[in-house]
1. Give me the inter-chain shielding for A:49-55: mean count of other chain Cβ atoms within 10 Å, whole number please.
2. On the Cα set of the range A:18-144, report Rg and Dmax in Å, please.
3. In the calculated pair distance distribution of the protein assembly as shown, what percentage of Cα-Cα distances lie above 35 Å?
4. Where in the range B:16-47 is the amide nitrogen less than 19 Å from a point lying 7 Å along the Cα-to-Cβ axis of B:Y85?
5. Hey, what D do you get for the range B:27-129 in µm²/s if you plug the Kirkwood alpha-carbon radius into Stokes-Einstein at 25 °C and 0.890 mPa s?
6. Give me the dipole magnitude in Debye, nearest 20, for the range A:53-144 about the Cα centre, with unit charges on the beta carbon: positive for Lys and Arg, negative for Asp and Glu.
7. Please give the peptides A:79-87, A:54-62 ranked by average Cβ packing (other Cβ atoms within 10 Å per residue), highest first, as a rough proxy for protection.
8. Please compute the modelled spin-label separation between A:C91 and B:L63, points set 7 Å along Cα→Cβ, answer in nm with one decimal.
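All of the numbers you see were taken from the coordinates with simple rules; none came from a lab. Note that the coordinates shown come from a computational prediction; the quantities given were computed from them, not determined experimentally. Positions of Cβ are backbone-derived with ideal geometry, glycine not excepted, and every protein chain shown enters the neighbour counts.
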Amino acid sequence: MRPIAHLNRRYHFSASHRLHVDSISPDRNREMFGKCNNPFGHGHNYVAQVTFAGPVDATTGMVTNLSDLDAFAQRELLDVFDHANLNTFECFRDIVPSTENLCVELWRIFEPYPHANLKRIRVEETGNNSFDYFGEGAPLSHEE
Amino acid sequence: MILLTRKADFSSAHFYWNDAWTEAENFRVFGKCANRQGHGHNYTLEVTVAGTVDPTSGFVVDLKQLKDILEREVVSVYDHRHLNYEVPEFAAAIPTTENIAIAIWRRLEGKIPNARLHRVRVYEMPDLFADYYGEGA
């Protein structure tokens, strides 16, 4: 049996957002989201860390060819998310673009990658906060 | 049960090449990593062991002892070496980050007293790293 390894790759993008829910009052929005509710929005340098698992290919020594993964990430993630306003995206029309929801959206984006199995999406919003998502119904894993 | 992680650094040269392929095929698959002159990285190794805390010492493992094991088994063999030419396990395996993690696991397994090897993580760069949890994990 070929050994299973986990490959981790980090992608950087800068985007703006505003945390706001239309169905509740302006006061309640300010109370709930604080400075993240600023009407003009604000931005972050996000880091998306993706973890893929798979058998190490005997001929290449790889779980997946990084150039394939990088091309996929460029097309599906960076070309769309970098220097964009997250609130303008269809996926955030009805839900706030919190980093938690961003994790779930990135899972949806990377899960179809054909060459390895997605195991975790981590999004760092700033150097001091990060969020992990292991997929729908997956048990939490605390490997760090 | 406590997980304890120790880091170590090594700087090595490597290139990616499969002898069974043509030069064109190697460059198509491996890109600039196939340059036969080699290139290098500052690798960071993180070794995580699992164990129980000794009631007398308060340690899972003696950190100095773990540091010495990493130095003897890995760093002294890999640091300032060409992985393809000077490290035996890469005579038959391409020194990708994945294979380096697997090779280091095999070098360390069974050599750390009083603890079980849990994870080997190898950073080739801050934005690229591989994890290995052992055979069948």
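1. On the way: counts 2, 0, 3, 0, 2, 1, 1.
That average works out to 1.
2. Gyration radius and largest Cα-Cα distance of the range A:18-144: 16.8, 60 Å.
3. 29
4. The answer is B:16-19, B:33-42, whose backbone nitrogens lie closer than 19 Å to the label point.
5. Numbers: Rh = 15.2 Å.
Roughly 162 µm²/s, to the nearest whole number.
6. Values: 6 positive and 17 negative charges, 24 e Å.
The dipole magnitude comes to about 120 debye.
7. Ranked by mean Cβ neighbours within 10 Å, highest first: A:54-62, A:79-87.
8. Modelled inter-label distance: 4.0 nm.
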